[in-house]
1. Are there any pairs, at least 6 apart or on different chains, whose C-beta atoms fall under 7 Å, with the first in segment 97-120 and under 15 Å from residue 37 (Cβ atoms) and the second assigned to a loop (DSSP other than H, G, I, E, B), and if so, which?
2. Identify all residues within segment 103-121 that are part of a helix (DSSP H, G or I) and under 23 Å from residue 85 (Cα atoms); write none if there are none.
3. Hey, could you check segment 153-181 for residues that are assigned to a loop (DSSP other than H, G, I, E, B), in contact with a helix residue (DSSP H, G or I) (Cβ under 7 Å, 6 or more places away or on another chain) and surrounded by fewer than 17 Cβ atoms within 10 Å (Cβ to Cβ) and say which is modelled with the lowest pLDDT?
4. Quick one: which helices (runs of 4 or more DSSP H) lie wholly within segment 10-81 and hold at least 2 residues that are touching a strand residue (DSSP E or B) at 6+ places or on another chain (Cβ under 6 Å) and either free of Cβ contacts under 8 Å to residues at least 24 places away in the same chain or buried (at least 18 other Cβ atoms within 10 Å of the Cβ) (or both)?
5. I'd like to know if segment 123-139 contains one or more residues that are surrounded by 11 or more Cβ atoms within 10 Å (Cβ to Cβ), modelled with pLDDT of 85 or more and not assigned by TED's automatic domain parsing to the domain that holds residue 21.
């Protein structure tokens, strides 16, 4: 298999590792204490960014269609649930404090992402229920002056005309927001 891009340089990997560490700490998260492991994941994220145009989790199969892969762009939508239940996210880039302190061992983490058919069905159901909800809200006597947007990664809510360019909590882009109300 030939790629039409150059692999990431050590400087690019170091830069991303520093950024990931800084943003993790700012958001109350911890990176895996194995620096070589983190570097490998950072390299995979950079390769996927070159390949697809976005940093898809290197431990998952991306479709190459950003709209279909939004849930697995790092940090993925499943990170918090995986950390809570298993002590780490699926690829183990982010770990719990218990893992960081050596109080909990890392183990295999099952895939939370639904298969494509189930995901598409859920998306269609969500769109239908979302349309019903909007219709119900419109019937309510009060009106919000602004729509409410929710970050699908961390749950941050904001009321404004459109989603923020970058989530102030987890730093993902505006495409990871959905209209909440």
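The values are calculated or read from the model by the stated rules, or taken from the named source; none is laboratory data. From a predicted model like this one, the values you see are computed outputs, not experimental measurements. Ideal geometry is used to build each Cβ from the backbone, glycine not excepted, and the neighbour counts take in all protein chains shown.
1. 99/87; 99/106; 100/33; 106/87; 106/92; 109/90
2. Correct list: 118, 119.
3. The extreme case among them is 181.
4. Values: elements: 10-26, 35-52, 66-69.
The qualifying helices (runs of 4 or more DSSP H) are 10-26, 35-52.
5. Step one: list which residues in segment 123-139 are surrounded by 11 or more Cβ atoms within 10 Å (Cβ to Cβ), which gives 123, 126, 130, 133-134, 137.
Next, from what is left, pick out any that are modelled with pLDDT of 85 or more: none.
No, there is no match, as no residue in segment 123-139 is surrounded by 11 or more Cβ atoms within 10 Å (Cβ to Cβ), modelled with pLDDT of 85 or more and not assigned by TED's automatic domain parsing to the domain that holds residue 21.
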